[in-house]
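> The structure is given below, and queries will be raised subsequently.
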Amino acid sequence: MRDIAREAEQGMFNRFFSKYMQRWHSHTGKDDIQVGIFSYHVWSTLGWHDIKQRYRRSVLGPFWFTLSTLIMVGVLGILYSTLLNQEIKDYLPYLGVGLVVWQYISTCFNEGSNTFISYGYIMKQARMPITTHVMRVVWRNFIILLHSLPVVVFLMILFGHNLTISFLGVVPGLLIVLLNTVWISIVLSILCARFRDILPIVTNIIQVAFFFTPIMWSKELLKDRAWAADINPFHHMIEIVRAPILGSEIDLLSWVFSIVTLVVGFLFAHYLMVKCRDRVPYWL
C-alpha cells in the first residue's frame, strides 16, 4: 500500500512539475505576472544570492543593515525629538518604523525602475517570466526590511513599551506593502525600459515625497490640512505597518486606500504586461 501511495504521489508531482515547466517556457504577457510570482524557488534563491554577494567576506554580513538602522534611528530620534519637542520614548519607535518602511519602499522604487535594464543580459539569453526579475529585486529588499524592523521593536521594549495583540496586524500590513511594491516595480521597470528619462524623474519624486510623508512628523501636526496626508499613498502603506507595531488603531481609510491601490495597480501592471511583454527585450 505504501508503494502504491508513493507512486500516486510521485505521479501527481510529475504532472504538476510538467505543467509548471510548460507554463514556464510558454508563458505570455497574459500570465507572466502569475507565473513569475509563483516561481518563488527562482527569485527567492536569486535574492538571497544578491544579499550574500553584497556582503561577501564581511563579518556581520546582512546584519550591517541592522546596525546601520540602529545608529540612524537613534541619532535622528534624539535630534528630532528635541527639535519637535516630542517625548523620545514615543517618538523614537514612531520614527523608526516610518524610516525602515520608507527605506524599503523608496529602494523598491529606485531599483525596481532599473530592473529590466540591469538584467537585460539575462532576458536576452533565457526565456523566463520577466516578473521573476522584479520579484528578485523586491524580495532582496524585503529581506533587508525584515532585518531592520526587529531593531525598532527592540527600541520600543527598551523604552518601556509593551507589545499588544494588535502587533499581529503587522503581518497583513507587510504583505500588502510587499504586493504594492511588486506592481509598482513592474510598472516602473517597463516604463523605464522604454523611456529612460523616467528613471531620474522617479528618483526626484521619491526624494520630494519623503518630506511630504508623515515619517519624521505626525499627521496630527497638519490639523485642518490633514487631507494632505490622506491623499498620500505612501502614508497609508507606512501606517498599516506602523500602527500595529506601536499598538495604535489603524485608520480604516489606510486599509481601504492600500487595498484599492493594490487591486488597481495590478490591473494596470497586467495591462502593461500584455501590451509590452514581448517588446521589452528589444528596448534594452
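> I want to confirm something. Restricting to the range 268-284 and keeping residues that are among the aliphatic types (A, V, I, L, M) and in contact with a Phe, Trp or Tyr (Cβ under 8 Å, 6 or more places away or on another chain), which single residue is surrounded by the fewest Cβ atoms within 10 Å (Cβ to Cβ)?
Leu284
> Just to be sure before I move on: is Gly29 surrounded by 10 or more Cβ atoms within 10 Å (Cβ to Cβ) and modelled with pLDDT of 70 or more in the structure I sent?
So Gly29 fits the description; yes.
> Please work out if Phe159 is among the hydrophobic types (A, V, I, L, M, F, W, C), in contact (Cβ under 8 Å) with a residue 40 or more places away in the chain and farther than 23 Å from Thr66 by Cα.
In short, no.
> Right, here's the next one. Going by the conditions given, is Pro172 part of a loop (DSSP other than H, G, I, E, B) and not aliphatic (A, V, I, L, M)?
no
> Can I ask one more? Identify the single condition in (1) surrounded by fewer than 21 Cβ atoms within 10 Å (Cβ to Cβ); (2) within 23 Å of Asn180 (Cα to Cα); (3) touching a Leu at 6+ places or on another chain (Cβ under 9 Å) that Ile143 does not satisfy, given that it satisfies every other one.
Failing condition for Ile143: (3).
> Mind checking which helices (runs of 4 or more DSSP H) fall wholly inside the range 85-141 and carry at least 1 residues that are closer than 30 Å to Met216 by Cβ?
The qualifying helices (runs of 4 or more DSSP H) are 88-113, 115-118.
The values are calculated or read from the model by the stated rules, or taken from the named source; none is laboratory data. If you're wondering where the values come from, they're calculated on a predicted model, not measured in any experiment. Cβ: placed from backbone, ideal geometry, glycine included. Neighbour counts: every protein chain shown.
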